[in-house]
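Q: I have a structure I would like to understand better, so I am pasting it below and will then ask my questions one at a time.
The values are calculated or read from the model by the stated rules, or taken from the named source; none is laboratory data. Just so it is clear, the structure is predicted and the values come from calculations on it, not from any experiment. Here the Cβ is made from the backbone with ideal geometry for all residues, glycine too, and neighbour counts use every protein chain on show. For the accessible areas, the whole protein counts, side chains as well, though only heavy atoms, and no ligand, DNA or RNA atoms are used. Shrake-Rupley method; radii C 1.70, N 1.55, O 1.52, S 1.80 Å.
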Amino acid sequence: IRIRKYIKKHNLEKLFDFELVKLWEDQGIRDLLPVQQKAISKGLLELNDLLVVAGTSSGKTFVGELAGLHNWKSRGKKFVFATPLIALSNQKYESFKRIYRKIGARVALRVGMSKIDVGDDEKIYPNGNFAKSDVIVGTYEALDWIFRSGQWKDRKSTRLNSSHTDISRMPSSA
């Protein structure tokens, strides 16, 4: 179903930021997939906690983007996107930076203690300067260090953990 049609059909005009909707449409994202519709109907934009489990290419990442960016735009809170792999963090960082800087989001990458990008000036801040970032993409280990080090004072954020572990192939305990 088309994003705008879904919004109108369910009277969600007050919850959606139409600058984001236009940006998504400009990127070719015009439809909401079933998992995205279900997440919204279960209170995604009202900040209800959700665990989304769905197959590959079902739209889980966009569910996280919907929640994180809605929370950033409407409440000024950070959006944290966690991945298990540096390569995946780099990929998501490049994608989020390309898309969301157009609406003023400062997108940061955190994959180790010495690398973070906090804005249009492309400066690298050793040990991080998280106050200047709106969206932070990073590996579990790097984000764990941020949270445990005490450097992150405002922990009110939207967090998306992208897990890519196939538990059906894990060895069973005997």
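Q: Full-extension gain between ASN11 and LYS42, please, as 0.36 nm times their residue separation minus the C-alpha to C-alpha distance. List each step's numbers first, then the result.
A: Working: separation 31, 0.36 × 31 = 11.16 nm, distance 1.45 nm.
Taking ASN11 through LYS42 to full extension adds about 9.7 nm, to one decimal.
Q: Considering only protein heavy atoms and a 1.4 Å probe, what is the carbon-and-sulfur percentage of the accessible area of the stretch 64-111? Let's see the in-between values first.
A: Numbers: 920 of 1770 Å².
Roughly 52 percent of what the probe reaches on the stretch 64-111 is carbon or sulfur.
Q: Highest mean first, what order results for 60-69, 93-102 on Cβ atoms within 10 Å?
A: 60-69, 93-102
Q: Next question, about the same structure. What's the center-to-center distance, using Cα atoms, between the stretch 1-49 and the stretch 62-117 in Å?
A: First find each Cα centre; the distance between them is then 19 Å.
Q: With r as the distance between the Cβ atoms of LYS22 and LEU51 and R0 = 41 Å, compute the FRET efficiency 1/(1 + (r/R0)^6) and round to 0.05.
A: Once rounded, the FRET efficiency stands at 0.85.
Q: On full extension of the chain, what length is gained from ILE1 through THR61, given 0.36 nm per residue of separation minus the C-alpha to C-alpha distance?
A: 19.8 nm
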